[in-house]
1. Please report the equivalent ellipsoid semi-axes of the chain, computed as sqrt(5 x eigenvalue) of the Cα gyration tensor, largest first, in whole Å.
2. Show the residues, 5+ positions off or on another chain, whose built amide H is closer than 5 Å to the amide H of LYS105.
3. In the full protein assembly as shown, how much of LEU329 is accessible to a 1.4 Å probe, in Å² to the nearest 10?
4. State to the nearest 20 debye the size of the charge dipole of the stretch 64-326 about its Cα centre, where the only charges are +1 on K and R beta carbons and -1 on D and E beta carbons.
5. Test of the criteria: in the stretch 343-443, which GluC sites (Glu not before Pro) are in a DSSP loop and have at most 10 other Cβ atoms within 10 angstrom of their Cβ?
6. Please enumerate, by chain and number, the lysines with C-alpha under 22 Å from the C-alpha of LYS426, excluding those fewer than 8 residues away in the same chain.
7. I need the helices of the chain that pass two filters: whole DSSP H segments spanning 30 Å or more by Cα along the axis, and mean Kyte-Doolittle score no lower than -1.0.
8. If the cut-off is a Cα-Cα distance under 22 Å, which lysines reach LYS202, setting aside same-chain residues fewer than 8 apart in sequence?
Amino acid sequence: MSDSDHYREMEKKYVYGTWRYEHTWNPMVVDTAEGVHFTDLDGKRVLDFSSQLMCSNLGHSAEEVKQAMAEQAKKLCYAAPGFATVPAAELGKKLAEITPGDLSKSFLTIGGAEANEAAIKIARLYTRKSKLVSRYRSYHGASSGAIALTGDPRTQYAVGMPGVVRAPDCYCYRCPFGKEYPGCGITCAEYVDEIIRMEGPKTVAGVVMEPIVGSNGILVPPDEYMPRVREICDEHEVLLIDDEVMAGFGRTGKMFCIEHWGVEPDIMTMAKGITGAYIPMGATITTRKIADYFDRPENLFVHGQTYAMHPLVCATALAAIEQYSKYNLVENAAKMGKILGKRLMELKEDHKSVGDVRGKGLFWGVELVKDRETKEPFVTREQKFEPNMLKRISGACMELGVYVVNIINILLVAPPLVVGEEDIDKGMAALDEALKVADREAK
Ligand SMILES: Cc1ncc(COP(=O)(O)O)c(C=O)c1O
């Protein structure tokens, strides 16, 4: 038995996998990583064309981040959240500086789901209202509240949190209203207004949205969408909660995705890119107005976690955030994103199984269809957890040394922000080859 087989079997026996039938899990054993590549225990080197789970924004060789972690580890790994620490204070200030508008005060936590749990709680405490509007094609995390907001197939086993109302998606390729942009009047945004009116504005605390939907299909809204949702929220005194867990930190060619439309949310949640995945972290930042509310003597901030404001985590995040400006990574995402986008559009020309290509920066989705006329998908929501064509395509890419995430009916192309043109060439060559598998079954 090779080392790889030994550790694969050991992990499968003693550690749960995620979001799958456990018996189907046959993982590669990752051993090392550098730049935009990772290597398994057998020495197979793979191009990371999805930044692991769209989180390794800095690539795998940010030595200064590792250095900062080591230095902080020597000094202080942990202090109870009742204490203040230099890294937490500095990170709070830094987040206030880099986020748009008046976003000012953060709750610092351990992942994206926890960031959204904090947002839910803050929104409900602050507005003294309980309902939340989210969308069907969305993912907000696996914990009880976050999975209840989520509308994708992963929500099916959620015991649920009462008070979530789902809005139709902003999905131009398959418009839920059967309309076509730009003649559609952005009905998907207007319908948010209708939902709030019907539910009763006095009962709706917030609207929770990914500015570009990530794992549910890289759904890029028309330019009018987010500004209109902001207006609707203002009109009804409902908070706009912007989930930037996947789309934030340079991924789309702006530091935060919502900046593409000049919209300022009331609460923003983030994770993944905040540390470039060098250590787990999430954060929930609110406006000064919301912070002021909790500064008043009568208002209790009823939230906390053992690992909130973890000093080692905060120091790592500070070093990671530094990388974005020091190495112009957001600009590189915009620049390389143009090249990647163009190449993906060309791929669509060459492969009849590609129905749609959409994205911004280094955040792209390739949606596959059996038939371009009818847009019949290769994989439906119900088939997400079953063996399917998209999994076969990702498997074929892996054989060619390129890792590409597939979710339901899309391939998610999102390389680290340090990616270069040669890496893009290699990734595209693998996709070009792998898509022939789907072409053979497309009309
Ligand atoms: C938009 C969005 N929000 C929240 C989450 C949950 O983050 P985590 O897995 O760190 O809990 C994810 C995870 O992919 C995400 O994409």
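1. On the way: eigenvalues 215, 165, 81 Å².
They are 33, 29, 20 Å, listed largest first.
2. It is THR286, by chain and number.
3. About 10 Å², rounded to the nearest 10.
4. Roughly 660 debye for the stretch 64-326.
5. Working: sites: GLU346, GLU349, GLU367, GLU373, GLU382, GLU399, GLU421, GLU422, GLU433, GLU441; in loops: GLU373, GLU441.
In loop regions of the stretch 343-443 (DSSP not H, G, I, E or B), the sparsely surrounded GluC sites (Glu not before Pro) are GLU373.
6. LYS44, LYS335, LYS338, LYS342, LYS348, LYS352, LYS360, LYS391, LYS436
7. Working: long enough: 329-350 (31 Å, -0.32).
The answer, listed by residue number, is 329-350.
8. LYS121, LYS129, LYS131, LYS289
The values are calculated or read from the model by the stated rules, or taken from the named source; none is laboratory data. The shown structure was predicted, so the numbers you read here are calculated from the model rather than taken from an experiment. Neighbour counts run over all protein chains shown; Cβ positions are idealised from the backbone, glycine included. Note: areas computed on protein heavy atoms with side chains; ligands, DNA, RNA excluded. Shrake-Rupley method; radii C 1.70, N 1.55, O 1.52, S 1.80 Å.
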